Amino acid sequence: MADNTGQTLSKEERAAVRDRARELKEQKTAADGAKAVKDAIAALPVDERAIANKIHDIVADVAPDLAPKTYYGMPGWAREGKILCFFQPAAKFGTRYGTLGFEQPANLDDGSLWPTAFAVLEVGAEEEKKIRALVKKAAG
């Protein structure tokens, strides 16, 4: 994303790249990843912390084989080292809402067009039901 200063990445994007480089060095074990996700969630603003904690609990329940690990500094869950889904807080890039995103390994394919990210403003009973179904389908 270009801005008027001629730089190709925003300040937030450069920070995310630094987060990713640090993650690749520091998250060698499942315990390292779990601690990193716990720390990433704890650092979020209160409203987004509640959302991230709820998503974390849902993923742990629906797909316990997925390993928590951060993804560009965001809470994520992986299979065989590859991120399957992640929570991108609104605060991370100054956006209007956080998103639950899914990467290539997710089994969300539905014909030739399907969503891979979902806006999340809160996680009530209806949202929890939808997230559970998405994670279950994605994890296969």
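What follows is calculated from the coordinates using simple rules that are stated; it is not laboratory data. Not measured: the values here are computed from a predicted model. Please note: Cβ atoms are built from the backbone with ideal geometry, for glycine as well, and neighbour counts cover all protein chains shown.
Observations
- Positive-end residue of A52, I83, A125, charge dipole of the chain with Cβ unit charges: I83
- Estimated distance in nm for a label pair at T29 and D65, the labels positioned 7 Å out from Cα along Cα-to-Cβ: 2.4 nm
- Cα pair count fraction exceeding 21 Å, expressed as % - the chain: 42 percent
- Choice from F102, F87, F118 with maximal GNM fluctuation in the chain (Cα, 10 Å cutoff): F118
- Nitroxide proxy distance, nm - points 7 Å out along Cα→Cβ at F118 and D47: 2.0 nm
- In a reduced charge model with +1 at each Lys and Arg Cβ and -1 at each Asp and Glu Cβ, the chain shows a dipole moment near 340 debye about its Cα centre.
- Normalised contact order of the stretch 1-107, rounded percent, pairs of Cα under 8 Å and 6 or more residues apart: 21 percent
- For the peptides 27-34, 94-101, 63-70, the ranking by packing is 63-70, 94-101, 27-34, with the highest mean count of neighbouring Cβ atoms within 10 Å listed first.
- Here's the list of lysines a cross-link from K137 could span, going by alpha-carbon distance under 17 Å and ignoring same-chain residues fewer than 8 apart: K82, K129.
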